[in-house]
Amino acid sequence: MATADDLKFQEFDDAANLLAANPDATTISIDEPAEIPKNKHGRLQQSGREEDDELLGTDDSDKTELLAGQKKSAPFWTFEYYQTFFDVDTYQVLDRIKGSVFPVPGRNFVRLYIRSNPDLYGPFWICATLVFAIAVSGNLSNFFIHLGKPTYHYVPEFRKVSIAATTIYAYAWLVPLALWGFLMWRNSKVMNIVSYSFLEIVCVYGYSLFIYIPTAILWIIPQKAVRWVLVMFSLCLSGSVLVMTFWPAVRDDNRRIALATIGTIVLLHALLAVGCLAYFFDAPELDFPAPNIPPHNGTTGITKIQ
């Protein structure tokens, strides 16, 4: 039976000294089990929050905006200020193009590709390439459709270049400007709405137009059914990039306003694609008859001079 002295609390030495005195002693390590469920629960909540932040694009947004402000600290009238908008390498541009052509469901395009370094290099050259692809393909399509007709005289339509440039660049700049202003206005009304910068919205719209470049080249095929299948396929790909990007920014707003915003974005995108197809490729072209030269009958006119 244990004595009173055995039941008293004793101060133990270090584990190393105790093991040295009694090597055959059994040691037991006691952790704090109460902290494990707490940490586990905290990790679950944190992981859910990270998923929401990743979808909304709000994680570390303050830090990103601060770094972006430090990066673009030069005055706006200097060349260095605009040079930062084109500070992007080829691998980043190709990665963003791949992300716009192969969108991943549930992943935010701005969060994955744009927010770290938004640029204007990719959107500018994508729009320029699309302008010439539509104009040249429209002329070639008109030529192949009327090829072999004796009354047709081919005349290059250079005005299509200016019309395509005005349409594409106006869409790529004015629509993002209007959407950015709308998101800023709704952000002042509903505090938890996520807002993007104007440069990020321009990037999204610019890269979403890349799929129309190979589509415009394939529009040379003189089959209306093939053209409409191509335009619907391209519209679904590029439209899904816009929907998955801007839906997290408006989903916390009023339900009707959120759906109306997404519907307007998709409608304007569809109008651009269908309008380009209808005007540059499906528009009825007038045949220019060859000039008629009256036959020479061998007679000569005599003018009498008085």
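The values are calculated or read from the model by the stated rules, or taken from the named source; none is laboratory data. Here the structure is a predicted model, which means the values were calculated and not measured. Heads up, the Cβs are rebuilt from the backbone with ideal geometry, glycines too, and the neighbour counts pull from every protein chain shown. The area values use the complete protein model at the heavy-atom level, side chains included, leaving out ligands, DNA and RNA. Shrake-Rupley method; radii C 1.70, N 1.55, O 1.52, S 1.80 Å.
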Worksheet item: So which residues in segment 195-224 are outside any loop (DSSP other than H, G, I, E, B), more than 17 Å from R96 (Cα to Cα) and either open to solvent by less than 30 Å² (accessible area, probe 1.4 Å) or modelled with pLDDT under 90 (or both), if there are any at all?
Response: T215, A216, K224
Worksheet item: Can you tell me which residue in segment 127-141 is nearest to L94 (Cα to Cα), limited to those that are in contact (Cβ under 8 Å) with a residue 40 or more places away in the chain and open to solvent by 10 Å² or more (accessible area, probe 1.4 Å)?
Response: T129
Item to complete: Can you tell me which residue within segment 139-194, out of those that are touching a Gly at 6+ places or on another chain (Cβ under 7 Å) and closer than 17 Å to L242 by Cβ, is modelled with the highest pLDDT?
Response: A172
Practice prompt. For segment 171-181, state whether one or more residues are within 18 Å of the chain's Cα centre (by Cα), open to solvent by 80 Å² or more (accessible area, probe 1.4 Å) and either touching a residue at least 40 places away in the same chain (Cβ under 8 Å) or within 13 Å of C127 (Cα to Cα) (or both).
Written response: yes
Worksheet item: Of everything in segment 264-280 that's over 17 Å from the mean Cα position of the chain (by Cα) and open to solvent by 20 Å² or more (accessible area, probe 1.4 Å), which residue is nearest to W185 (Cα to Cα)?
Response: L271
Practice prompt. Sort out for me the helices (runs of 4 or more DSSP H) sitting completely within segment 67-170 that have 1 or more residues that are more than 30 Å from A249 (Cα to Cα).
Written response: 79-83, 121-145
